[in-house]
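One structure is given below, encoded as structure tokens.
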Amino acid sequence: MKTQQERIQKELKSLTRDGLILPHDVVEAARSPKSAMHDMFTWDDNEAAHQYRLYQARQILRTYVVIEDAAPKQVIRAFVSLKPDRQREGGGYRHIADVLSDEQLYQQMLKDSLVELRSLQTKYQRIRELKPIFEATDLIERQMAQTGEGTLAA
């Protein structure tokens with residue numbers, strides 16, 4: 001008996017054309033209740049529309065930027081979502097100035113960023129040119145451990 005993961009992998013592989021899988025084809029295949037992917041989609045159109053609007057709101061919050069007055073001028077994200085906020089019902093975003101001015105929030109953002117860097121390392125570990133970035137991440141984590149600023153699990 002195949003696992004759910006194996007069934008999904010087989011379905012996705014069957015959708016590959018010229019080395020590509022198109023999202024449209026995945027949705028069409030998953031429409032069938034027999035598809036291993038069927039339950040991974042929201043088929044109620046009203047709920048799907050609501051969830052998509054929430055996705056759009058998150059995109060706005062993730063991409064909205066401000067230009068700092070300091071020289072040289074820098075474009076930075078205006079809002080950030082910290083792990084504890086994402087774990088709350090409905091999630092949430094904080095203004096970057098509030099996070100940067102609060103040591104506890106800043107430390108959480110640092111931990112979150114290191115987790116994201118580790119995720120990128122997992123994804124791109126075969127790219128030799130990125131090795132110095134991953135080594136710098138190792139150094140920062142060692143420094144945090146030595147100063148007792150916490151671990152990435154927090």
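The values are calculated or read from the model by the stated rules, or taken from the named source; none is laboratory data. All values derive from a computational prediction rather than experimental measurement. Here Cβ is always computed from backbone atoms with ideal geometry, including for glycine, and neighbour counts include all displayed protein chains.
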*asked:* So, in the stretch 94-109, exactly how many residues are loosely packed, with under 15 Cβ neighbours inside 10 Å, within 22 Å of Arg142 (Cβ to Cβ) and of a type in the set (A, V, I, L, M, F, W, C)?
replied: 0
*Out of all the residues in the stretch 110-120, is one or more within 14 Å of the chain's Cα centre (by Cα), assigned by TED's automatic domain parsing to the domain that holds Ile60 and polar (S, T, N, Q)?*
yes
*Quickly run through the stretch 24-65 and pick out the residues that are basic (Lys, Arg) and within 17 Å of Gln5 (Cα to Cα).*
Lys34
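With respect to Leu130, is the statement that it is surrounded by 12 or more Cβ atoms within 10 Å (Cβ to Cβ) and in the same structural domain as Leu54 (by TED's automatic domain parsing) true? Write out each step before concluding.
Details: surrounded by 12 or more Cβ atoms within 10 Å (Cβ to Cβ): yes; in the same structural domain as Leu54 (by TED's automatic domain parsing): yes.
So Leu130 passes the test.
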_Looking only at the stretch 72-104, filter to residues that are farther than 15 Å from Leu61 by Cβ and touching an Asp or Glu at 6+ places or on another chain (Cβ under 7 Å); which one of those is modelled with the lowest pLDDT?_
Gln74
*In the stretch 73-93, which residues are more than 16 Å from the chain's Cα centre (by Cα) and surrounded by 12 or more Cβ atoms within 10 Å (Cβ to Cβ)?*
Ile76, Ala78
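Is it the case that some residue within the stretch 115-133 is outside any loop (DSSP other than H, G, I, E, B), closer than 27 Å to Gln56 by Cα, out of contact with any Phe, Trp or Tyr (no Cβ under 8 Å at 6 or more places or on another chain) and β-branched (Val, Ile, Thr)?
Taking the stretch 115-133 as the starting set, the residues that turn out to be outside any loop (DSSP other than H, G, I, E, B) are 115-124, 128-133.
Checking which are closer than 27 Å to Gln56 by Cα leaves us with 115-120, 123.
After this cut, where a residue has to be out of contact with any Phe, Trp or Tyr (no Cβ under 8 Å at 6 or more places or on another chain) as well, the list is 115-116, 118-120, 123.
Next cut, β-branched (Val, Ile, Thr) only: 115.
Checked against the condition, which is being outside any loop (DSSP other than H, G, I, E, B), closer than 27 Å to Gln56 by Cα, out of contact with any Phe, Trp or Tyr (no Cβ under 8 Å at 6 or more places or on another chain) and β-branched (Val, Ile, Thr), the stretch 115-133 yields at least one hit.
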*Only one of (1) farther than 29 Å from Gly90 by Cα; (2) modelled with pLDDT under 95 fails for Leu15. Which number is that?*
(2)
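What is the residue count in the stretch 105-114 for residues that are out of contact with any helix residue (DSSP H, G or I) (no Cβ under 8 Å at 6 or more places or on another chain) and closer than 22 Å to Arg58 by Cβ?
Going through the stretch 105-114, the residues out of contact with any helix residue (DSSP H, G or I) (no Cβ under 8 Å at 6 or more places or on another chain) turn out to be 107, 113.
Still in the list and also closer than 22 Å to Arg58 by Cβ: 113.
Selection size over the stretch 105-114: 1.
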